[in-house]
Each structure stands twice: as structure tokens, then as C-alpha cells.
Amino acid sequence: MSGVVGSASGGRLGAFVDELARAGVRDAIVCPGSRSTPLALALRANPRIHVRVLIDERSAAFFALGIARTTRRAVALLATSGTAVVNFAPAVVEASLARVPLVVLTADRPDELRDRGAPQTIDQNRLYGSHVKWYSELALGDEAADSQANARFVAARAVATALAGPAGPVHLNMPLGDPLIPHGDLPASGRDGDGDDAPFASVVSGRPTLDAAQIDAIADALAANPRGLIVAGPLDDPASHEPIARIAAATGYPVVADPLSGMRLGTHDRSQVIVHGDHILRPGSWLDAHVPDMVVRFGAMPTSKWVAEMLRTARPDLIVFDADGGWRESALVPAAFVRADAESACEIAEAVSLRRTRTGAAHVTRWTRAWLDADAAAGAALDAWLGGLREPFEGAPFRILGELLPDGSVLWSGNSMPVRDMDAWLPGGDRAVRVLANRGANGIDGVISTALGSAASVFAAGSAEPDSGRYVLVLGDVSFLHDVGALVTARLHAADLLVIAINNDGGGIFSLLPQGRATFSAVGLPEHYEELFGTPHGIALGPIVEAFGFRHRAADWAGLSAAISDEIGRPGLRVIELRTERARNAQLHDEAAAAVSEALTALAALSGEAAP
Ligand SMILES: Cc1ncc(C[n+]2csc(CCOP(=O)(O)OP(=O)(O)O)c2C)c(N)n1
Ligand SMILES: [Mg+2]
């Protein structure tokens with residue numbers, strides 16, 4: 001056995017890390033610490049794993065999440081014992097709910113030093129609770145001859161478990177005894193130098209498929225309901241584009257496409273894609289005349305609250321496709337969950353197509369056209385309204401980016417208003433733009449760190465997508481300040497990321513929610529609105545960004561498009577700041593919604609009853 005690291009045996013640690021690499025891990029984010037030394041060295045010694053060292057575990061974990069999201073590979077994440085481990089928690093939770101594969105490695109004290117007042121020792125046992133798919137302790141201090149095999153087995157299982165659908169985080173807590181520093185060589189990178197690349201343990205598993213009778217039953221239901229709708233929610237899976245488009249084509253169902261569904265932008269068939277679902281599904285005379293009898297959902301629950309609202313009031317027959325066995329249906333209406341992969345979904349489309357051809361039914365019906373007309377009318381109303389605007393509007397960056405982003409770009413949105421504005425304003429198009437957000441737990445934390453990790457993975461081996469190197473993030477000021485530590489992360493690991501910060505001096509979303517300022521005024525407590533929700537901070541972003549050595553640029557309304565166009569594709573981290581005003585922003589959102597509502601009402605009056 002070549003190479004020894006401390007008493008914890010480099011052979012076993014080397015084997016463990018080598019097996020991570022054999023299972024496909026290419027990136028490791030390492031946070032410095034003493035207890036984790038042997039693992040840090042073992043990761044660093046493996047030539048197939050790109051190690052990045054970040055000092056803030058909270059930011060580091062989101063950075064790892066960003067890489068894993070972007071490359072669709074499991075990323076290893078290492079921290080020393082103590083509170084360092086707890087700082088991973090927000091990103092672990094997001095990874096769990098957003099189905100992102102992370103292998104979390106936490107160094108711990110050996111058993112005899114736990115719960116005895118030893119320094120930097122906390123209870124790390126199952127620390128992330130139900131938010132990880134698998135937890136195990138891996139003690140590598142045992143000198144037994146077969147423990148290399150065990151180390152490899154655990155590494156293989158950790159990566160396979162993180163990747164298996166639904167993907168998610170796994171946690172290995174690793175007690176490491178003294179001495180922690182290496183004596184002798186660093187761990188060997190191969191399995192005792194034999195050059196063999198085969199994983200020690202691997203998984204062979206079947207596709208989730210349906211039999212002919214199951215396909216027929218679903219096809220019968222779809223063919224019998226011409227007034228149907230496909231709702232494509234957040235789903236970052238290029239393999240889903242074709243089945244969704246094919247089911248749409250076969251049924252005539254319009255596809256209400258969440259910006260995070262991947263269906264809005266790309267080269268797939270978008271002929272039935274509805275971009276302005278967030279506007280069209282709002283209560284009104286148009287929707288009253290177009291209530292669907294059947295809804296087929298793909299992906300997570302959509303960003304727009306109006307979809308769930310529609311499901312609750314219309315109670316259509318609901319079919320939810322989720323090959324990974326999820327139960328995501330928060331509208332609480334009766335639903336059938338279909339565990340079918342893309343190929344089975346295409347077979348369903350084929351079966352529906354046959355039925356419609358047999359009965360002579362058209363595929364694109366009056367119903368389909370009515371939705372497409374509404375989408376066009378909503379788009380035209382929004383463009384006309386925006387075109388006449390002489391003051392900054394928070395939705396505008398997404399309209400601009402939809403036009404400007406080239407093939408292979410990645411667009412990230414922060415939570416709160418940016419993701420909602422993206423839903424309302426990001427247009428469709430044929431450029432392959434990947435659109436992402438941390439919508440697992442909708443946190444406003446770690447947003448910049450995640451996008452930095454995503455942008456840094458341009459350099460990672462094996463990125464699954466064509467990559468233009470154009471990474472853009474749009475987020476709010478509170479989210480920016482929450483993750484200001486990401487600027488340290490950006491100093492340590494350069495990434496080409498354009499950040500567009502919408503600075504409305506606080507949480508603008510609350511002005512649009514029921515606890516908005518008007519409600520507080522109505523009960524005579526207007527000052528508490530600002531204190532509890534508005535949270536004005538008066539902090540200028542420019543000096544902060546510049547203090548870390550990055551480029552900051554304030555954009556006025558007239559120059560916004562030119563500023564974005566100018567900054568897209570430049571190297572390094574850049575921040576464009578757009579100043580807006582929260583109360584005025586709420587009014588502008590109402591105005592835009594009214595413009596669409598007016599256009600849709602006119603359309604409803606014109607077309608009358610929209611029978612298929
Ligand atoms: C970690 C976390 N803390 C708190 C919240 C609750 N929250 C949702 S939106 C928001 C305000 C966000 O403000 P900003 O980022 O400026 O976006 P804006 O609302 O102005 O668009 C807060 C505090 C959250 N979602 N996540
Ligand atoms: Mg804000």
C-alpha cells in the first residue's frame with residue numbers, strides 16, 4: 001500500500017477519495033480546519049478531483065450546490081468538526097428539496113472524545129435530520145485489512161445514493177483520530193496503483209416504465225378531455241422537453257411554462273408554449289371561459305401562485321408526472337401520480353395521437369388557439385405598457401435578458417420578487433438558455449454563492465451543457481446583503497458572473513403580499529410595516545462591491561439595456577445596480593396586471609365561448 005496519512009491510514013482515505021472519483025465526483029469544496037486535515041489532503045492528492053478551498057462554510061455549501069446543479073454531478077463538500085458543519089445546513093436543505101446531489105463529509109472527533117467537553121466537538125450525529133437521503137459514520141482509523149474495501153463501498157454508495165432519483169444530499173460523518181498531519185507520502189490516487197478505473201460498487205437499475213394497459217388508460221383520459229392544460233413547473237431536465245412537447249402536440253393542450261421548466265427557451269417544439277401563464281391564470285372573465293377539465297403537471301409546483309389557485313378552484317382531473325416518486329402537489333386536489341420516464345411519456349403521446357387520428361379529431365383545436373391568442377395578447381399588452389414607461393421597473397431586466405442572452409447562457413434568479421418577475425416577464429425564444437433558481441426552499445440566502453458555483457463550473461470537467469460562459473444572476477438587495485460573504489468566495493475563486501441587483505432598499509415583496517403597507521395602515525400601525533417587513537437599510541452596494549475589488553455600475557432606466565448588453569460576457573464578477581422604490585413598484589405591478597387583464601377581457605368578449 002503506498003502512501004500514509006496520519007494514523008487514519010492514507011490507504012483507506014486515498015481509497016475512499018479514489019472511489020468518489022471513480023463514481024464520478026469531479027469537484028470538491030473544502031473548508032479549512034484541523035480535524036478534517038487527512039481528508040482535505042486526500043482530496044487534494046487525487047488528480048481527478050478539482051479542489052476549491054472556501055473559508056465560509058455557509059457560502060461554500062451553496063457554491064457546491066451551484067456546481068452540482070450546473071454539472072448534474074455529485075459534488076463533495078468537506079468541513080471540520082463543530083459549528084462549521086452546521087453552516088452547511090441551509091444548502092443541504094435546498095439540495096434536498098431541489099434534488100441536487102451533494103456528498104457532505106464532516107470530520108468529527110473520535111468516539112472517546114464526544115460529549116466530554118473536548119474542544120470544537122458537537123453532536124454531529126444525523127445533524128441534517130430528514131434532509132439527507134443517507135447518513136452514515138465512516139471511521140477510517142481501523143487498521144483491518146478489509147477496511148479499504150469498506151471505505152470504497154461507502155464512497156460508492158454515497159455517490160450513487162446522492163445521484164439516484166430524486167437526487168439529493170448524503171452525509172458521512174467521519175471521526176478522525178490524532179495525529180492528523182501526514183507522515184510519509186500523500187495517499188495514492190489509484191486502487192493501489194493498479195490503474196483500474198472500474199468502481200468498486202455500482203448500481204444497475206431499471207427505468208420507471210408503464211405497461212400497455214397503463215399507457216392506454218392515461219391516453220384514454222387525455223383523449224376524452226380536449227379542454228386540458230399542461231403545466232410545466234420547475235424541472236431542470238433537458239430529457240423532459242420532448243415528451244412534454246409531444247404530449248402537447250398529441251392532445252392539443254397548451255403548455256403553461258414556468259421560467260424554470262426549461263420549456264420557454266430552447267430549440268424544442270415551442271409551438272404550444274404559453275409564456276404569460278402568471279397573467280393569464282389570474283381570475284377574470286377570460287379564465288372563467290377557459291377553465292380546464294384536465295391538467296397534466298410536470299416538475300415542481302410552479303412559481304406562479306395563480307396556477308395553484310386555479311387548480312384549487314377549478315378542481316380539474318389532475319395527472320402529475322414524476323419519475324422520481326415525489327408527491328409534490330400542494331394545491332391539495334385529487335391527483336394521479338405517474339411514475340414514467342421520458343420514453344413512456346412519449347408512448348403516451350403516441351397513444352393519444354392514434355386515438356385522435358382515429359376519431360378524426362384535430363390536434364390543435366379552438367381551445368389551443370384561444371390560449372395561444374391569450375398569450376400573444378398578454379405579451380403585447382406587457383410590451384406596450386413597458387414601452388411607455390419612463391421610470392425603472394423591476395421586471396424589465398428579464399425582458400431585456402430574454403432578448404440578449406446568447407445560446408448556452410445560464411440565467412439565475414434570486415427568490416422573493418426576482419423569480420416572480422422572471423415568471424411574469426421572461427419571454428420565450430429559440431436560444432438555449434438554462435434558467436435556474438434555488439426553488440427547493442425558496443431561501444433568500446446563499447443566492448450569490450450558488451450562482452458563483454454555477455459560473456465556476458464552466459471550468460469543471462464534464463459539464464453536461466454547451467456553455468457560452470454567460471452567467472447572469474438577478475436578485476434583490478436584501479438577498480444581496482444576506483450573502484455579502486459571497487464576495488469573499490468570489491475573491492477566492494474567480495467566476496465570470498454578471499449580477500443585476502434590484503435595490504429597492506428592503507423587502508419589496510411584502511408590498512405585494514396581504515401584509516402590505518395598506519393593511520398595516522388600515523389597522524393604524526403603518527410604522528410597523530417598515531420595521532417588520534420593509535426593512536429599509538440604506539446601505540449602498542457600490543462601496544461594498546468595490547471594497548472587494550469588483551466592478552460596480554449603477555444603471556439608470558434609460559441606460560439599463562445598454563449596461564446589461566455591455567456587461568454580459570465580460571470576465572469576473574460585475575454588479576449592475578438598479579434602484580427602484582418599493583411602494584411605487586407595487587403600483588407598477590398592479591398597472592401591468594391591469595393592462596393584461598384589460599387585453600384579456602377584450603379577447604374574452606370578442607371570442608365568446610371557447611368550445612374545442
Ligand atoms: C433565508 C430566508 N430568510 C427570510 C426569508 C423571508 N423573505 C422572503 S422575501 C424577503 C425579502 C427579500 O428582499 P429582497 O431580496 O430585497 O427582494 P425584494 O422582495 O425586494 O424583491 C424575505 C426576508 C426567506 N425566504 N429566506
Ligand atoms: Mg429588495
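The numbers here are math on the coordinates, done by the rules we state, and not lab data. Since the model is a prediction, treat every value here as computed from it, not as a measurement. All Cβ positions, glycine included, derive from the backbone under ideal geometry; neighbour counts span all protein chains shown.
Laid out as a table, the results:
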{"quantity": "Extension gain from LEU481 to ARG369, taking 0.36 nm per residue of separation minus the Cα-Cα distance", "calculated": "35.8 nm"}
{"quantity": "The chain: radius of gyration and largest Cα-Cα distance (Dmax), Å", "calculated": "25.9, 83"}
{"quantity": "Cα→Cβ-extended label distance, 7 Å offset, between GLU546 and THR359, nm", "calculated": "6.8"}
{"quantity": "Dipole in debye (nearest 20) - the range 323-454, about Cα centre, beta carbon charges: Lys, Arg +1; Asp, Glu -1", "calculated": "400"}
{"quantity": "Size of the range 90-160 as Cα extents on the principal axes (Å, biggest first)", "calculated": "38, 33, 14"}
{"quantity": "Segments 94-103, 436-445, 235-244, 353-362 sorted - mean Cβ within 10 Å per residue, highest first", "calculated": "94-103, 436-445, 235-244, 353-362"}
{"quantity": "Length released on extending from SER565 to VAL204, taking residue separation times 0.36 nm less the Cα-Cα span", "calculated": "125.3 nm"}
{"quantity": "For the range 228-371, with +1 on Lys and Arg beta carbons and -1 on Asp and Glu, the positive-most of HIS241, PRO302, VAL364 along the dipole", "calculated": "VAL364"}
{"quantity": "Two-decimal Rg to Rh for the range 365-457 - Kirkwood Rh, Cα set", "calculated": "1.03"}
{"quantity": "Cα-Cα separations in the range 332-403 greater than 20 Å, expressed as whole percent", "calculated": "63"}
{"quantity": "Point-charge dipole on Cβ atoms (K/R +1, D/E -1) for the chain, about Cα centre, debye to 20", "calculated": "260"}
{"quantity": "Calculated FRET value between SER34 and SER330, using beta carbons and R₀ = 51 Å, to 0.05", "calculated": "0.70"}
{"quantity": "Listed residues LEU265, ALA501, GLY569: farthest to the positive end of the dipole of the chain (Cβ charges)", "calculated": "LEU265"}
{"quantity": "Long-range amide H partners of GLY569 with built H, under 5 Å", "calculated": "TYR471"}
{"quantity": "Computed Rg/Rh of the range 196-276, alpha carbon atoms with Kirkwood Rh", "calculated": "1.13"}
{"quantity": "Top positive-direction residue, dipole computed over the range 50-135 with Cβ charges, set ALA68, VAL92, GLN120", "calculated": "ALA68"}
{"quantity": "Derived scalar couplings ³J(HN,Hα) [the range 267-273; Karplus, 6.51 cos²θ - 1.76 cosθ + 1.60; whole Hz; x for Gly, Pro]", "calculated": "8, 5, 5, 10, 5, 10, 7"}
{"quantity": "Contour excess over end-to-end distance, with Cα ends at ALA558 and ALA594 and 0.36 nm allotted per residue", "calculated": "10.6 nm"}
{"quantity": "³J(HN,Hα), Karplus 6.51/-1.76/1.60, whole Hz, each residue of the range 39-49, x for Gly, Pro", "calculated": "5, 4, 5, 5, 5, 5, 7, 7, x, 8, 10"}
{"quantity": "Cα-based convex hull, the range 298-351, per residue volume (Å³, whole number)", "calculated": "87"}
{"quantity": "Ranked packing of 77-86, 105-114, most packed first, by mean Cβ within 10 Å", "calculated": "77-86, 105-114"}
{"quantity": "Share antiparallel - DSSP beta bridges, the chain, percent rounded to 5", "calculated": "0"}
